[in-house]
Amino acid sequence: MIEDYFEFLKKVAKKNPSVKNLRLVREFIGVNRGFIRFVIELRDDSELHVFEYVDSSLHKIDYSYHWQNKEKLLITRWDNAPHHSEFETFPHHLHEGDNIKPSDEPTFVEILKKIGERI
């Protein structure tokens, strides 16, 4: 189940017209948990660094979608690091430059769509 989900993530990325290249950094699939880390080069030369750590029911235990420009400067990062408990969406939030905002838990497909609309 985890393996199928990770294959789905890679397939969605490779088929997306905003994506130029996908580089798998690391993937681990255990009996009850797994994680994947990959970097996507986008058509405007920005990069999306993807990390998901999931359990066997595909619940995201931890995630980070870090989008940076070609100069390696942050554009937006969506994550669930357990800080910013003041947000009603805690632990989910996003970083845009120096601004941190509440955010619902995004899916990888939603992230690609949002980025595609901006590049």
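Nothing in this text is a laboratory measurement; each read-out follows from the coordinates by a stated rule. Keep in mind it's a predicted model, so treat the numbers as computed, not measured. No Cβ is skipped: glycine too gets one built from the backbone with ideal geometry, and neighbour counts run over all protein chains shown.
Net charge within 9 Å of I119 by Cβ-Cβ distance, Lys/Arg positive one each and Asp/Glu negative one each, not counting I119 itself? Before the final figure, lay out the partial values.
Details: positive: R43, R118; negative: D44, E117.
Value of the local net charge: 0.
Enumerate the residues in region 20-63 having an amide nitrogen under 11 Å from the point lying 7 Å beyond the Cα of M1 toward its Cβ.
32-33, 55-59
Here are a few candidate values for semi-axes √(5λ) of the Cα gyration tensor in Å: [x] 21, 20, 11; [y] 25, 16, 12; [z] 23, 19, 15. Which one was actually calculated from the structure I just gave you?
The listed entry that was calculated here is [x].
What are the residues whose amide H is under 5 Å from the amide H of T76, where those residues sit 5 or more places off or on another chain and H is modelled from the backbone?
W67
Under a GNM of the chain (C-alpha, springs under 10 Å), which listed residue has the highest mean-square fluctuation: P102, P91, P17?
Its mean-square fluctuation being the largest, the pick is P17.
Could you tell me which residue out of G34, S85, S46 lies farthest along the dipole of the chain toward its positive end? Charges go on the beta carbon: Lys and Arg +1, Asp and Glu -1, centred on the Cα centre.
S46
Show which aspartates and glutamates lie in cross-link reach of K11 when reach means a straight Cα distance below 14 angstrom and same-chain residues fewer than eight apart are skipped.
E3
Amide H of T89: which non-local residues (sequence gap of 5 or more, or other chain) have their own amide H closer than 5 Å, using H built in the peptide plane?
Residues meeting the criterion, in which the H sits 1.01 Å from N, are S103.
Could you give the length gained by full extension between K14 and N32, i.e. 0.36 nm per residue of separation minus their alpha carbon distance, to one decimal place? Provide the component values of the computation, followed by the final result.
Numbers: separation 18, 0.36 × 18 = 6.48 nm, distance 2.66 nm.
Extra length from K14 to N32 when fully extended: 3.8 nm.
What's the center-to-center distance, using Cα atoms, between region 20-36 and region 55-81 in Å?
Between the Cα centres of region 20-36 and region 55-81 lies a distance of 14 Å.
Which is farthest toward the positive dipole end of the chain among H95, V19, S56, measuring Cα position about the Cα centre, with Cβ charges +1 (Lys, Arg) and -1 (Asp, Glu)?
Result: V19.
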